[in-house]
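Written below as structure tokens is the structure these notes are about.
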Amino acid sequence: ETGVTQTPRHLVMGMTNKKSLKCEQHLGHNAMYWYKQSAKKPLELMFVYNFKEQTENNSVPSRFSPECPNSSHLFLHLHTLQPEDSALYLCASSQDRGDGELFFGEGSRLTVL
Amino acid sequence: KNQVEQSPQSLIILEGKNCTLQCNYTVSPFSNLRWYKQDTGRGPVSLTIMTFSENTKSNGRYTATLDADTKQSSLHITASQLSDSASYICVVNPTGANNLFFGTGTRLTVIP
């Protein structure tokens, strides 16, 4: 199995839908992250979990709701999204918070209609 | 203004040719600087890491350099291959802080 696995790889949803993105890491890391990647913009950090505890929420709108049931799994629950939320959502993990080297999943391409 | 600027934004080269990608940063002090490669439809993968005191680091045909005085890093790709077509992202890890600073990336296309 690859180090960090994300599902689904592609998601199309309407603005009134509720969906979830899933991430699982098989690397034994302690920190997990959600990033948003939009065209021609730097990766934007959304949420950070360290040892299952949320340590950072970068002013993300409440229509994005993270969940980390254990140190290997991370979810991003989506509801009432806007078209501008269409982007590639990347999950990453690292051995420890602040370690620097991130291991990314392949991303979930989200399109909001 | 982004604290990590990359140039060019995109680049097209012939297979077998060399190329150099640039990264200018204002983040200071920093612990390390990494270059990531992101294939289309994939997540970024780390290519090289340099601490603030290192000048160069190689990974096969990829060589990264760092000039802390001018706050510049470059990624040199030798004898390019079609599989080098990807986005290359410069990432700076500031000292004493948890957030990384990402560049917007350079989109490299290698054509036969």
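Key figures for this structure:
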| item | result |
| --- | --- |
| Relative packing of peptides B:19-26, B:30-37, A:14-21 - highest average C-beta neighbours within 10 Å first | B:30-37, B:19-26, A:14-21 |
| Averaged over B:27-38, number of beta-carbon atoms from partner chains that fall within 10 Å | 2 |
| Largest-first principal axis extents of the Cα set of chain B (Å) | 44, 26, 21 |
| Surface accessible to a 1.4 Å probe, B:THR70 within the full protein complex, Å² | 80 |
| Calculated from backbone phi, Karplus (6.51, -1.76, 1.60) coupling profile of region B:56-68 in Hz, x at Gly/Pro | 8, 8, 10, 9, x, 7, 9, 10, 9, 10, 9, 10, 5 |
| ³J(HN,Hα), Karplus 6.51/-1.76/1.60, whole Hz, each residue of region A:42-58, x for Gly, Pro | x, 4, 10, 6, 9, 9, 10, 10, 10, 6, 6, 9, 6, 10, 7, 9, 7 |
| A:ARG9 accessible area, 1.4 Å probe, all protein chains in place, Å² to nearest 10 | 90 |
| Surface per residue (accessible, 1.4 Å probe) for the protein assembly as shown, Å² | 47 |
| Pairwise label distance in nanometres, B:LEU14 with B:ASP39, each label 7 Å out on the Cα-Cβ vector | 2.6 |
| Where no second cysteine Cβ lies under 4.7 Å, the cysteines concerned in chain B | B:CYS19 |
| Accessible heavy-atom area order of B:SER80, B:SER85, B:SER10, highest first, probe of 1.4 Å | B:SER10, B:SER85, B:SER80 |
| Interatomic Cα distance distribution for region B:2-53, bins of 5 angstrom, percent | 4, 14, 19, 27, 21, 9, 5, 1 |
| Spread of Cα-to-Cα distances over 10 Å intervals beginning at zero, given as percent, for the protein assembly as shown | 8, 32, 35, 20, 5, 0 |
| Two-site FRET efficiency, A:ASN30 against B:ILE111, from Cβ-Cβ distance with R₀ of 45 Å, rounded to 0.05 | 0.60 |
| For the pair A and B, total buried accessible area rounded to nearest 100 Å², probe 1.4 Å | 1500 |
| Mean projected area in nm² (Cα convex hull; one quarter of hull surface) for chain A | 6.5 |
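The values are calculated or read from the model by the stated rules, or taken from the named source; none is laboratory data. As the structure is a computational prediction, the values presented were derived from the model and not from experiment. Virtual Cβ from ideal backbone geometry, glycine too; neighbours counted across all protein chains shown. These area figures cover heavy atoms from the full protein model, side chains too; ligands, DNA and RNA do not enter into them. Shrake-Rupley method; radii C 1.70, N 1.55, O 1.52, S 1.80 Å.
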